[in-house]
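Notes to accompany the following structure.
The values are calculated or read from the model by the stated rules, or taken from the named source; none is laboratory data. Quick caveat, the model's predicted, so the values are computed rather than measured. Counting neighbours? That spans all protein chains shown, and the Cβs are built from the backbone with ideal geometry, glycine included. For the accessible areas, the whole protein counts, side chains as well, though only heavy atoms, and no ligand, DNA or RNA atoms are used. Shrake-Rupley method; radii C 1.70, N 1.55, O 1.52, S 1.80 Å.
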Amino acid sequence: MIHFQLPSPLEQLESDFLKQHELEVFVKRDDLIHPVISGNKWRKLKYNIKAAKENGFDQVLTFGGAFSNHIIATATAAKAHGLKSIGVIRGEKPKNWSATLKSCKAAGMELKFVSRAVYKSKADSAFINGLTDAYGESYVIPEGGANEMGRKGCEEIVSELENSFDYLCCSAGTGTTAAGILNSIKENLLVFPALKGGAFLRDEILSNPSLSKKAKIFISN
């Protein structure tokens, strides 16, 4: 069975700037959870993998790009938990595979390359049904683990914090991690989009029907 360093450590940053402005800044080192399934990847996969096994699935199917951390994390986690994995990869099959794709293949993941135009249908039921018809019944994990199971796992980030803070901060791609954190805090949350034009993340994060409205969220431009 795979080993995770949980809870991940909390480290305080030290600098003259922080001292001058009387600021205390801490970093939650989720990058140390696992060499491959690091950062928020295990947080978002934990309950998805559990749900797949509890519902009798023997394989998971997910989506990502040729350099996707989520794809390799899923391949590694699935193998460790005795599940097969299918990765639907954005873009035509490359002549030279990335290290990520090679590692996914080594972990037993079956890779299906689709055009970028087709990939845009990744959330459409007809497209997903076609994939499960081709590869067999699969537990489908959205790109980046962006679903309720992923949010549930990210709520545990806050439960590991022993101290209280004025603000919590996180970067965001899909908003899944931010939504999980926001649902568990009374502090304010600062979100830094990983992509340009990330203001849309506010609606994505606040669309979670189970979201607590205890805290305020600020999206950086």
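Do you know which residues across region 76-92 are part of a strand (DSSP E or B), open to solvent by less than 80 Å² (accessible area, probe 1.4 Å) and closer than 25 Å to Phe4 by Cβ?
Within region 76-92, Ser85, Ile86, Gly87 meet the criteria.
Could you please find all residues in region 93-124 being closer than 20 Å to Phe57 by Cα, open to solvent by 80 Å² or more (accessible area, probe 1.4 Å) and either of a type outside the set (A, V, I, L, M) or assigned to a helix (DSSP H, G or I) (or both)?
Once the filter is applied, which keeps residues that are closer than 20 Å to Phe57 by Cα, open to solvent by 80 Å² or more (accessible area, probe 1.4 Å) and either of a type outside the set (A, V, I, L, M) or assigned to a helix (DSSP H, G or I) (or both), region 93-124 yields only Glu110.
Name the residue, out of Ala215, Ala146, Ala194, that is at pLDDT below 85 and touching a Ser or Thr at 6+ places or on another chain (Cβ under 7 Å).
The unique qualifying residue is Ala194.
Among residues belonging to region 1-49 that are polar (S, T, N, Q) and open to solvent by 60 Å² or more (accessible area, probe 1.4 Å), point out the one that is nearest to the chain's Cα centre (by Cα).
Gln5
Go through region 159-181 and count every residue that is loosely packed, with under 15 Cβ neighbours inside 10 Å and in a helix (DSSP H, G or I).
Of the residues in region 159-181, 1 are loosely packed, with under 15 Cβ neighbours inside 10 Å and in a helix (DSSP H, G or I).
Just to be sure, is Ser184 polar (S, T, N, Q), surrounded by 12 or more Cβ atoms within 10 Å (Cβ to Cβ) and in contact with a Phe, Trp or Tyr (Cβ under 7 Å, 6 or more places away or on another chain)?
When the stated conditions are applied, Ser184 does not pass them.
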